[in-house]
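Data block below; observations after.
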Amino acid sequence: MKNYAVSFLARFIPMGVLAVIVGCASTPPSNFYILNSMEKQAAQQTGSDAMQQVAIGIGSIEIPDYLDRSQIVIRSSRSELKVDEFNRWAGSLKENISSVLAENLSSLLSTNRVFVHQWMPDDTINYWLHVEIIRLDVIPGDAVTMKAHWTILGDRGKKEYITRTSEFTEKVSEQSYGVIVAAISRTFEKLSHEIASEITKLK
């Protein structure tokens with residue numbers, strides 16, 4: 001009886017190991033995405049010559065906790081979210097948003113003096129921008145909606161020039177994550193236009 005049990009295990013354990021190997025081999029690879037800034041050639045510049053001497057700091061960027069992860073999160077229903085294990089952000093989403101806003105504002109305002117800062121304001125910065133992403137809803141095959149609360153500060157962060165809540169929607173006709181991420185980038189492009197317009201009014 002003992003020999004039979006040994007023979008049985010010897011026959012089926014390798015099959016189990018093979019099944020694990022095959023299962024691992026069939027796991028689809030992850031895809032990685034980043035948000036992109038607008039094309040400089042396409043930017044309708046709103047900055048004047050005076051804006052070239054103005055320094056703008058991108059301060060804190062806040063996003064909802066459910067978005068602060070490597071996986072891309074989509075909305076599958078009004079009250080249900082889906083975390084996609086195989087479609088991910090290629091780095092920190094917060095940092096990606098900061099860099100995209102900085103590049104967009106630089107293009108729109110015709111200035112190279114747009115910086116990403118995570119520390120307290122100083123005398124070298126004229127205007128500070130703080131953005132809170134209230135929601136970023138992604139519905140594949142339908143639309144991307146981004147709602148943001150943003151503030152422009154001056155005088156070392158002591159003076160509030162403007163506070164506004166903006167909402168933008170981009171239609172998404174496909175399920176492709178590449179198309180979805182491009183649509184998200186366009187919502188931040190629209191936000192950048194609105195912020196740049198208000199900054200030019202301050203100068």
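The values are calculated or read from the model by the stated rules, or taken from the named source; none is laboratory data. The shown structure was predicted, so the numbers you read here are calculated from the model rather than taken from an experiment. Don't worry about glycine lacking a Cβ; one is built from the backbone with ideal geometry, like all the others, and counts go over all protein chains shown. Just so you know, the surface numbers come from the protein's heavy atoms only, side chains and all, with ligands and any DNA or RNA stripped out. Shrake-Rupley method; radii C 1.70, N 1.55, O 1.52, S 1.80 Å.
Just name the residue that is most open to solvent (accessible area, probe 1.4 Å) out of those in the stretch 121-143 that are more than 22 Å from residue 198 (Cα to Cα) and of a type in the set (A, V, I, L, M, F, W, C). Checking each candidate, the answer is 139. Quick check: is even one residue across the stretch 166-173 of a type outside the set (D, E, K, R) and farther than 18 Å from residue 195 by Cα? Checked against the condition, which is being of a type outside the set (D, E, K, R) and farther than 18 Å from residue 195 by Cα, the stretch 166-173 yields at least one hit.
Of all residues in the stretch 166-203, those that are of a type in the set (Asp, Glu) and either touching an Asp or Glu at 6+ places or on another chain (Cβ under 8 Å) or open to solvent by 40 Å² or more (accessible area, probe 1.4 Å) (or both) total 4. Within the stretch 63-109, the residues that satisfy the criterion of being acidic (Asp, Glu) and either open to solvent by 50 Å² or more (accessible area, probe 1.4 Å) or part of a loop (DSSP other than H, G, I, E, B) (or both) are 65, 68, 80, 85, 95, 103.
The set of residues in the stretch 144-166 being farther than 19 Å from residue 93 by Cβ and of a type outside the set (Val, Ile, Thr) consists of 153, 154, 155, 156, 157, 158, 159, 160, 161, 164.
Would you say residue 124 is in contact (Cβ under 8 Å) with a residue 60 or more places away in the chain, assigned to a loop (DSSP other than H, G, I, E, B) and among the hydroxyl-bearing types (Ser, Thr, Tyr)? Against the criterion (in contact (Cβ under 8 Å) with a residue 60 or more places away in the chain, assigned to a loop (DSSP other than H, G, I, E, B) and among the hydroxyl-bearing types (Ser, Thr, Tyr)), residue 124 qualifies. Residue-level check: of (1) touching a Ser or Thr at 6+ places or on another chain (Cβ under 7 Å); (2) closer than 15 Å to residue 59 by Cα; (3) in a strand (DSSP E or B), residue 131 misses just (1).
Just one of (1) modelled with pLDDT under 95; (2) within 16 Å of residue 55 (Cβ to Cβ) fails for residue 195. It is (1). Of all the listed residues (185, 197, 176, 192), the sole one being farther than 22 Å from residue 64 by Cα and in contact (Cβ under 8 Å) with a residue 60 or more places away in the chain is 197.
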